[in-house]
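The values are calculated or read from the model by the stated rules, or taken from the named source; none is laboratory data. The structure displayed is predicted, hence computed values, not measured ones. No Cβ is skipped: glycine too gets one built from the backbone with ideal geometry, and neighbour counts run over all protein chains shown. Protein only, heavy atoms only, side chains kept; ligands, DNA and RNA dropped before computing areas. Shrake-Rupley method; radii C 1.70, N 1.55, O 1.52, S 1.80 Å.
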Amino acid sequence: MRTISQTKCFGGVQGFYQHDSAVIGSPMKFSAYRPPQAAQGATLPILFFLAGLTCTEETFMTKAGAQRYAAEHGIMLVAPDTSPRNTGIAGVADKWDFGDGAGFYLDATQAPWDQRFRMESYLVGELLPLIKAEFAAHVGGGFGNVGIFGHSMGGHGALTLALRHPETFRSVSAFAPITAPMQCGWGQKAFENYLGSDQETWRDHDASQLMGRRSSPLTPEILIDQGLADQFLRQQQLMPEHFEAACAKAGQPLTLRRHEGYDHGYYFISTFMQDHVAFHAKQLK
């Protein structure tokens, strides 16, 4: 692992890093915030944030204002990049909502994407163990439970990965997530190209479908915040009502807060970030 930069922030350390990924087959970048409790022998929960379309490992750490609250609660924040980079795949950067910056946090099964676009295996099977191994010397009490949250495409990723890996993620929340990708243009484009034309395989990566299969709650509660001035809500890309119905069917406690006047951006996210970090702190500790 190579350190790109490290900066003191709210008594802790904000860092940006790069490592050679065996899963992806090329270098990957991520950011991590270690709160001041890391140097005080405390056991740290880890909270992953998955960013949305076009974002990088820098977006959340520079725009969301989460470090202040992570320092208060003693939580380590980790934000990966949103896709592999410099893959050499033809057309990978042609569309803003597919390819570069749009990995959708799944493992592609269709050529040419299947060789590099393996974000689910990367996050769960490689990055999380790497975090624990590389930062062990800086965290006196070691690591505790792991949570996950995200925004838009990353909210989709947070919900689906929590549902697919309940043994790994103990808490989950989202901002304006894509909750029914099988029903929206963004999800259909990604699934068709990454997973192929068999829509039965798509169901394994659709949060509303996954929740609808359950007969018991996944976690004590799920928190979702959605702005009602969100242009993508109006364009039927997000569809939180589908996930709301699936949670009701599964008996999953869900707090879905709808906010007048808020759009899809990071001003919205930063407004409610304190609530989300506190929500995860309660469940992870």
Take every DSSP beta bridge whose two residues both sit in the chain, then give the antiparallel share in percent to the nearest 5.
50
Over the chain, give the accessible area per residue in Å² for a 1.4 Å probe, as an integer.
39
Mind putting together the pair-distance distribution for the chain? All Cα pairs, 5 Å bins, whole percent per bin, short to long.
1, 6, 13, 18, 20, 18, 13, 8, 3, 0, 0
Test item: Cα-centred dipole of the chain, Lys/Arg +1 and Asp/Glu -1 on Cβ, debye
660
A correct Karplus calculation of ³J(HN,Hα) over region 219-230, with 6.51 cos²θ - 1.76 cosθ + 1.60, θ = phi - 60°, whole Hz and x for Gly and Pro, returns 9, x, 6, 10, 10, 10, 10, 9, x, 7, 9, 6
Can you compute the helix-only [θ] at 222 nm over the chain? Use -39500 (n - 2.57) per DSSP H run of at least 4 residues, normalise by all residues, nearest 500 deg cm²/dmol.
-8500 deg cm²/dmol
Which far-off residues, 5 or more places away or on another chain, put their amide H under 5 Å from the one on Thr109, with H placed in the peptide plane?
Leu195
Where is the GNM fluctuation largest for the chain (alpha-carbon springs, 10 angstrom cutoff): Ala51, Ala137, Ala66?
Ala137
Name the longest site-free stretch of the chain, where the excluded sites are GluC sites (Glu not before Pro) in a DSSP loop with no more than 12 other beta-carbon atoms within 10 Å.
1-166
Charge dipole of the chain about the Cα centre (unit charges at C-beta), most positive-ward option of Gln188, Pro217, Gln110
Pro217
Amide H partners (placed H, <5 Å) of Ser26, local residues excluded:
Ser21
Diffing region 254-266: the Karplus 3J(HN,Hα) column from phi (6.51, -1.76, 1.60, θ = phi - 60°), in whole Hz with x for Gly and Pro, holds 9, 9, 10, 9, 10, 10, 4, x, 8, 9, 9, x, 6
Taking 0.36 nm per residue of sequence separation and subtracting the Cα-Cα distance, how much length would be gained by fully extending the chain between Glu167 and Leu228, in nm to one decimal?
18.6 nm
Among Met61, Gly74, Phe49 the positive-end extreme of the charge dipole of region 48-148 (Cβ point charges):
Gly74
Carbon + sulfur, % of accessible area of the chain - ligands and nucleic acids excluded, 1.4 Å:
46
Just the C-alpha atoms of region 1-153: what Rg/Rh do they give, with Rh taken as the Kirkwood radius?
0.98
Whole-Hz couplings from phi, Karplus 6.51/-1.76/1.60, listed for region 82-93; x for Gly and Pro:
8, 5, x, 10, 6, 7, x, 6, 4, x, 5, 10
Once you sort the root eigenvalues of the Cα gyration tensor of region 129-253 as a ≥ b ≥ c, which label holds: rounded (a/c under 1.5), prolate (a/b larger than b/c) or oblate (the other case)?
prolate
Give the separation of the Cα centroids, region 249-285 to region 2-66, in Å.
21
So, taking all protein chains as they sit and a 1.4 Å probe, how much accessible area belongs to Trp96, in Å² rounded to tens?
140
So how do 271-283, 228-240, 170-182 stack up, highest first, on mean other-Cβ count within 10 Å?
170-182, 271-283, 228-240
Any chance you could count the Lys pairs in the chain whose alpha carbons are under 22 Å apart, treating pairs 8 or more apart or on different chains as valid?
9
